[in-house]
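Q: Dropping a structure here in structure tokens format, bear with me for questions.
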Amino acid sequence: MIDARATRTALAAGALLLGLCAGCGKAPRPAAAASAPAMPAVSLDTPADAARSLLECLRGELDAVARNDQAAQAQYLETLRTLAAAESIKQRMADLPHFKLMLGDDLVAGVIHNWGAMLAYYADGLRLDQLRQTSVGRTAATVIVPASGPADEALLQITCVREGDGPWRVRRLDFVTEMPKTGPTSAPATAPASQPAQRQP
């Protein structure tokens, strides 16, 4: 029997080591059609919107890498930068110098590449229709998304923040071992999906 926790731990460790390479650590993807799919719609209105936008864009970037479509890959990476909570990420990395060394001088780009490497194994099994906000505060929120890999199941936790009075953006992506209890201020995500523990940057 495959140990799901050990599988996720190994994937996360590999992601940290390989996250700086645009295509590193990514599981083989099926060949894509000749025409590139349209960019997904992006919204930062709610934590659920920001989390869904991040996962769809990471999945699109992985497909662009598989197609060797450098123009689409650059477009996805530019969009992913708008979804990342840059200042919050930089502040967090200041407290994690061992991660900072692995991510390179451009910390935001390094974290984004790491997120893609972490997601690759589960990208084709994201259950965005089951996305849930499990806690929502004035400036921070968490969102959980179940996902299926070729040999196991996982729960992705996306931490979203608001910097000042700005929109919701993503600060971090992690694996968790169980669904957190829903807090009193949380609510299920209502927007439809477009398609049916280890510390990380």
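Q: Kindly provide the set of residues from segment 50-72 that are acidic (D, E) and either over 11 Å from the mean Cα position of the chain (by Cα) or not in a helix (DSSP H, G or I) (or both), ordered by number. Can you show your working first?
A: Keep residues of segment 50-72 that are acidic (D, E), which gives 56, 61, 63, 69.
Residues satisfying the conditions are E61, D63, D69.
Q: Can you pull out the strands (runs of 3 or more DSSP E) entirely within segment 94-201 that have at least 3 residues that are within 17 Å of the chain's Cα centre (by Cα) and either surrounded by fewer than 19 Cβ atoms within 10 Å (Cβ to Cβ) or modelled with pLDDT of 95 or more (or both)? Please lay out each step first, then the result.
A: Details: elements: 132-136, 140-148, 153-162, 168-176.
Ranges flagged: 140-148, 153-162, 168-176.
Q: Follow-up question, since we're still on this one. Go through (1) out of contact with any helix residue (DSSP H, G or I) (no Cβ under 9 Å at 6 or more places or on another chain); (2) among the hydrophobic types (A, V, I, L, M, F, W, C); (3) closer than 17 Å to V42 by Cβ one by one and return the number of the condition V108 breaks.
A: The one condition V108 does not meet is (1).
The values are calculated or read from the model by the stated rules, or taken from the named source; none is laboratory data. Because the structure is a prediction, the values reported are computed rather than measured. In this analysis, Cβ positions are derived from the backbone assuming ideal geometry, glycine residues included, and neighbour counts consider all displayed protein chains.
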